[in-house]
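The values are calculated or read from the model by the stated rules, or taken from the named source; none is laboratory data. Nothing here was measured: the structure is a model prediction, and the numbers come from that model. So basically every Cβ, Gly included, is an ideal-geometry build from the backbone, and we count neighbours across all protein chains shown. Areas reflect the complete protein model, heavy atoms only, side chains present, ligands, DNA and RNA absent. Shrake-Rupley method; radii C 1.70, N 1.55, O 1.52, S 1.80 Å.
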Amino acid sequence: MCSTTSGAASQLFASALNLLAATQCFIPENVQPHNANNETYDFIIVGGGSAGSVLANRLSEIEAWKILLLEAGPEPPIESDIPNMGIFLYQSKYDWQYYTQNDGINHQSYKTGSVYWPRGKMLGGCSSINEMFYVRGSDHDFQSWANAGNPSWTPENVNYYFKKAESLQNIKLLEDSDVRNIYGRDGPLVVNRFNSTYKDVMDKVLESFNFMGFKHVEDINTANFEGSGVSSTFSVTAANGRRYSTYTSYLKPIKDRKNLNIVTNAYVTKILLNEDKKAYGVEVDIFGVKKTFYANIEVIISAGAINTPQLLMLSGIGPKGHLESKNISCVVDLPGVGKNLHDHNGIYIAVYGDEEGEENELDKSFEVAKYLYNRSGLLAQNSYSDITAFFSRNQSMEYPEFQIHMGFALKKSQSKDIQDTVEGIKILKKIVETPYFRSINAFIPRINIPQCNKHDYESDLYWKCYVINTSSTLYHPVGTSKMGPKSEDSVVDNFLKVRGVKGLRVIDASIMPSITGGNTNAPTIMIGEMGSDMIKNEHLQKH
């Protein structure tokens, strides 16, 4: 049966279909194997993730240098481009699908006693799969790096490289001179904000944070951490309903540079070292075929906090005893490889309330239509909310101890230290005593965790048990190739050169001496920017 139309409906759906067709062409996947072998480059970059993409862009700015970027995964799919669909890439071929081992003590509220640890396996790496929150970290974080014997990594230098990366595009923030002057505006990386579907509710939650003493500030990255805490809306690496990963921001615009060769589905299995312990190339598995590529100047590992120390060990660089126990000949005894792992511990506290609204299939279909038409609605934001708070037990904090991520679900939706954490929970629990949460009869339920049922609800013993059994990751592993002044515990020096090896650097999140107080993608991008300049400053001076 046919119906008449004024033309508006057909125009709407035609526009939607045209946009869908266009979006499918944004990021075509290259599945063709790389047939070349034994090629020689000036620099080989292992890993095209958050830092590796930055390196490929910045090093290939020097036309005389020939650059090879090797990425174990493919190009990102369309789901990566749509902010709310990044979660659908978890446990897919675009994810390394890591899990922690069950130790029989921690995480026992999970069915397997194991925590899922997603890591992006595609160009852009975790910036192509993450929640897009853009948090620099505090000056305190980076001053501690410098104080630990890494003089280049002062707050002043670090903030220079944050600005070099950034392209702030949010109109409201640009109108604030205090904010505008701290951010960069000419870099490749788009920084903006989501147009949140749940803005009314999230504004009420921000009011609640303010009521608790977590002062509302215009922007987290430019705020002074003072008082009990601060709260704000996140800045994100997204704009106009689209994710801006380092692939989108740094690689796509320069993919036709003649001196840059990007090879996907290329898993590097070994760094080649000569008798002088100089890195001169890599062995690579491409669709099951072993290939070798050579580097005239440097090999740079940007494979992330898990894969970077693994590759170093497979290449004979690491703790001698451990390598020999795995029948790997030790070329450079470097005890710090794989040590110093930091992550942010995630504790999920459920808050139930009577706010109106429930999820249904019609609403979800309408959200899809809105996104296809003008990239707005639920799909145009991430799967969490876009608000946060940083707080401390100290009433005059200089830096935050805890961070709140706020998840929001409608009815019928289908979607480190223990004592310190308990204290943080006890502060957070007060949110149900704020006016808005009282108005919706909010409460924190007791979760049925067999290991914890013997303890009185809301006692310190209960919450300690709760933390041990429910803690998870916030997907921020760093530090496993620590930067520092001593070979006894560090892997790279101030200039990110691997100790005891010539022509080899690590430039990714694994070099952090300590984790930053916030989401770690922005600092990783900054590391890529500063590391690129370190390479340029050294080798361009020689020529």
DSSP beta bridges in the chain, what fraction antiparallel, as a percent rounded to 5?
55 percent
Return the carbon/sulfur percentage of the accessible area of the range 131-188, one whole number, probe 1.4 Å, all protein chains in place.
45 percent
With every protein chain in place, the range 235-349: carbon and sulfur % of accessible area (1.4 Å)
47 percent
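On the accessible surface of the range 374-530, probed at 1.4 Å, how many percent belong to carbon and sulfur atoms?
That fraction is 51 percent.
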Under the helix-only model (-39500 (n - 2.57) for each DSSP H run of 4 or more, divided by the residues of the chain), the mean residue ellipticity at 222 nm, to 500 deg cm²/dmol, is -8000 deg cm²/dmol
Note: the range 173-299, point scatterers on Cα, Debye, no solvent; log10 I/I(0) at q = 0.15, 0.17, 0.18 Å⁻¹ equals -0.86, -0.97, -1.04
Straight-line reach from Lys454: which lysines have a Cα under 16 Å away, not including same-chain ones fewer than 8 places off?
Lys464
For a quick protection proxy, order the peptides 436-449, 328-341 by their average other-Cβ count within 10 Å, most packed first.
328-341, 436-449
Please report, to one decimal in angstroms, the Kirkwood hydrodynamic radius of the range 277-347 built from all distinct Cα-Cα pairs.
13.9 Å
Cα-centre dipole for the chain with unit charges at Cβ (Lys and Arg positive, Asp and Glu negative), debye to 20
1000 debye
Accessible area per residue, 1.4 Å probe, Å², for the chain: what's the number?
45 Å²
Taking the alpha-carbon centroid of each part, what is the distance from the range 465-507 to the range 520-543 in angstrom?
17 Å
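What order, most packed first, do the peptides 48-59, 124-135, 395-406, 481-492 have when packing is the mean number of other Cβ atoms within 10 Å of each residue?
Most protected by this proxy first, the peptides run 48-59, 124-135, 481-492, 395-406.
Using a Förster distance of 41 Å, how high is the FRET efficiency between His322 and Gln419, based on the Cβ-Cβ distance and rounded to 0.05?
Values: r = 32 Å, r/R0 = 0.78.
With a Förster radius of 41 Å, E is 0.80.
Of the peptides 184-196, 163-175, how do they stack up when ordered by the mean number of other Cβ atoms within 10 Å, highest first?
Ranked by mean Cβ neighbours within 10 Å, highest first: 184-196, 163-175.
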Which listed pairs, of Lys199/Lys339; Lys255/Lys278; Lys66/Lys416; Lys204/Lys426, have C-alpha distances above 32 Å, in listed order:
Lys199/Lys339; Lys66/Lys416
At a Cα cut-off below 17 Å, give the lysines reachable from Lys290, other chains included and same-chain residues fewer than 8 away excluded.
Lys270
